[in-house]
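First comes the structure, then the notes that go with it.
The values are calculated or read from the model by the stated rules, or taken from the named source; none is laboratory data. Computed from a prediction, not measured in an experiment: that's the story for all the values here. Every residue, glycine among them, receives a Cβ derived from its backbone with ideal geometry; neighbour counts consider all protein chains shown.
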Number of protein chains: 4
Amino acid sequence: MGAPLDSAALQRLLDGSPFSRACKLAVRAVDPEQGKLTLSMPFLPNFARDAEGTQFHGGPIAALIDTAGCFALVMQLGQGAPTLNFRSDYLRPAGGALLLANAVVRRAGRTVGVVDVDVLDDADRLVAVGRGCFGTRA
Amino acid sequence: MGAPLDSAALQRLLDGSPFSRACKLAVRAVDPEQGKLTLSMPFLPNFARDAEGTQFHGGPIAALIDTAGCFALVMQLGQGAPTLNFRSDYLRPAGGALLLANAVVRRAGRTVGVVDVDVLDDADRLVAVGRGCFGTRA
Amino acid sequence: MGAPLDSAALQRLLDGSPFSRACKLAVRAVDPEQGKLTLSMPFLPNFARDAEGTQFHGGPIAALIDTAGCFALVMQLGQGAPTLNFRSDYLRPAGGALLLANAVVRRAGRTVGVVDVDVLDDADRLVAVGRGCFGTRA
Amino acid sequence: MGAPLDSAALQRLLDGSPFSRACKLAVRAVDPEQGKLTLSMPFLPNFARDAEGTQFHGGPIAALIDTAGCFALVMQLGQGAPTLNFRSDYLRPAGGALLLANAVVRRAGRTVGVVDVDVLDDADRLVAVGRGCFGTRA
């Protein structure tokens with residue numbers, strides 16, 4: 001377990017992943033002491049669920065939840081935290097220019113960590129919630 | 001509730017979604033009577049989790065699970081089946097040229113349906129399992 | 001959808017269920033406006049996971065999560081809310097004289113509702129978290 | 001990691017847990033090579049969800065899923081396998097004289113294992129499905 005990572009270091013990690021870079025994931029806020037991290041994801045044309053192109057498909061939302069949950073632990077622990085499993089619940093259709101994922105670490109144990117993620121649209125509506133379990137052994 | 005959809009109709013629905021089309025999701029097998037559907041997803045450069053580019057990021061795998069689960073019900077019911085929630089468990093690193101998602105409907109009730117999805121790599125290794133709950137009211 | 005239920009009405013519903021009564025579930029706090037409900041469950045001898053009898057088995061904790069999630073919606077909606085699915089994550093061994101389950105409704109939609117449940121021991125440690133999806137049609 | 005456990009050894013472990021013993025959980029079938037285990041749970045008066053007493057409450061069903069999933073790994077690995085998290089989906093009202101839980105190990109990794117559990121009533125109807133993640137380090 002290393003030192004907590006700051007915003008710039010986390011952004012470099014995100015940009016080092018072709019998938020996260022393609023999704024234009026950006027670190028918006030970090031609070032290692034509270035175990036809180038916020039990522040944003042813009043509405044890219046390829047994220048549209050239907051031909052109208054006004055709503056996010058659930059797939060990119062799940063990917064955002066997965067990554068925000070993982071990175072909240074990476075931030076705190078200063079090491080990788082592979083996703084073991086996660087759950088996504090979709091609460092409302094998600095449109096707008098971008099989504100924000102607020103992740104909060106509920107528990108960082110020796111073997112696994114558990115993180116909650118709330119996903120908000122650009123009008124601050126809660127559109128989805130996620131909960132994941134990640135490996136925490138160095 | 002309409003008539004079951006065949007492979008060509010399901011592929012048209014997939015292609016009508018910018019996200020599913022961008023992920024090059026393809027219908028590989030359908031069995032409406034058994035509630036079984038197989039989708040494939042190739043390894044696109046943007047799906048790589050790290051710079052080496054040899055492994056799928058968990059995000060596209062979750063999107064594949066979500067879509068395969070939904071489409072198994074769409075196939076059976078001949079109508080939309082919006083994702084309410086799903087769980088993804090990652091069992092092994094996932095590489096290779098493509099992934100196959102085998103979805104099977106466990107229950108198609110009046111309000112919700114439950115679908116299991118096994119994800120295999122091109123060497124037939126089980127790399128992830130998913131389980132989702134979808135709305136089934138017309 | 002009826003009027004919100006108060007603490008006494010919810011306790012009567014709990015006591016009308018042989019299972020909830022046997023578990024000695026008790027309503028501790030209600031806040032229909034905020035969608036918040038707290039239930040307690042004492043450590044009964046039959047809840048012990050091992051012969052030492054100092055820790056709750058995960059089974060009763062799951063049952064507590066399920067019931068607290070369901071009853072948070074029952075409180076708000078004034079009607080039944082059958083469990084469709086839920087997830088339990090165990091964060092720490094759970095001992096002590098009783099557990100408190102703090103449930104909060106994240107979304108009460110026309111078809112389903114989603115509720116989060118935090119489970120605390122009598123020293124106010126977070127021992128488990130739950131998230132459930134419940135039917136909300138009258 | 002020890003030698004696989006047989007039916008009698010698993011039953012002794014179940015009976016050593018006050019909770020499992022109170023629920024009268026019984027080992028019905030074991031297949032360590034295939035990672036398959038079947039437990040049964042009778043309909044006890046305290047398991048009833050409502051005053052009529054004809055249906056199992058979801059709580060005991062969740063406890064059955066949790067225990068069957070855990071014990072499938074215990075059987076294979078010959079060691080403890082604490083529950084990290086699990087999901088229960090309820091498919092139909094569950095009545096009858098007993099429930100059977102068929103657990104199958106999907107993956108037994110070095111850190112965690114994933115197990116699926118199907119729950120059938122005494123008329124062989126699928127009433128619930130579960131999926132859990134358990135610690136596998138000795």
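Summary table
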| item | result |
| --- | --- |
| Number of the condition not met by D:VAL30 [criteria: (1) more than 10 Å from every other protein chain (Cβ to nearest Cβ); (2) not in a strand (DSSP E or B)] | (2) |
| The range C:106-138, residues that are closer than 13 Å to B:GLY135 by Cα and surrounded by fewer than 21 Cβ atoms within 10 Å (Cβ to Cβ) | C:GLY109, C:ARG110, C:THR111, C:GLY135, C:ARG137 |
| Boolean, B:ALA51 is touching a residue at least 12 places away in the same chain (Cβ under 8 Å), more than 24 Å from A:ASP89 (Cα to Cα), within 14 Å of chain A (Cβ to nearest Cβ) and not in a helix (DSSP H, G or I) | no |
| The range C:77-94: number of residues that are more than 12 Å from the chain's Cα centre (by Cα) and either within 13 Å of another protein chain (Cβ to nearest Cβ) or crowded, with 24+ Cβ neighbours inside 10 Å (or both) | 12 |
| Selection status of A:GLN34, among the polar types (S, T, N, Q), in contact (Cβ under 8 Å) with a residue 40 or more places away in the chain, crowded, with 23+ Cβ neighbours inside 10 Å and more than 17 Å from B:PHE56 (Cα to Cα) | no |
| Long-range neighbours under 9 Å by Cβ, at least six apart or interchain, first residue charged (D, E, K, R) within the range D:1-19, second assigned to a loop (DSSP other than H, G, I, E, B) | D:ASP6/D:PRO32; D:ASP15/D:LEU25 |
| Residue among D:GLY58, D:GLY35, D:GLY2 that alone is modelled with pLDDT under 95 and either under 28 Å from B:SER88 (Cα atoms) or small (Gly, Ala, Ser) (or both) | D:GLY2 |
| Criterion: in contact with a Pro (Cβ under 7 Å, 6 or more places away or on another chain) and under 22 Å from B:PRO60 (Cα atoms) - qualifying residue of A:PHE71, A:PHE47, A:PHE43, A:PHE86 | A:PHE47 |
| Within the range B:54-78, tally of residues that are closer than 26 Å to A:ARG131 by Cα and either part of a helix (DSSP H, G or I) or out of contact with any strand residue (DSSP E or B) (no Cβ under 8 Å at 6 or more places or on another chain) (or both) | 16 |
| Pair list, Cβ under 8 Å, 6 or more apart: the range A:92-119 residue acidic (Asp, Glu), other residue not in a strand (DSSP E or B) | A:ASP116/A:GLY69 |
| Within the range B:95-117, considering residues that are within 8 Å of another protein chain (Cβ to nearest Cβ) and among the β-branched types (Val, Ile, Thr), the one nearest to B:ALA48 (Cα to Cα) | B:VAL114 |
| Restricting the range B:55-76 to residues that are at the interface with chain A (Cβ under 9 Å from one of its Cβ atoms) and either of a type outside the set (A, V, I, L, M) or surrounded by fewer than 24 Cβ atoms within 10 Å (Cβ to Cβ) (or both), the residue that is nearest to A:ARG49 (Cα to Cα) | B:THR67 |
| Flag for B:ARG12 being outside any helix (DSSP H, G or I) and either at the interface with chain A (Cβ under 10 Å from one of its Cβ atoms) or among the charged types (D, E, K, R) (or both) | no |
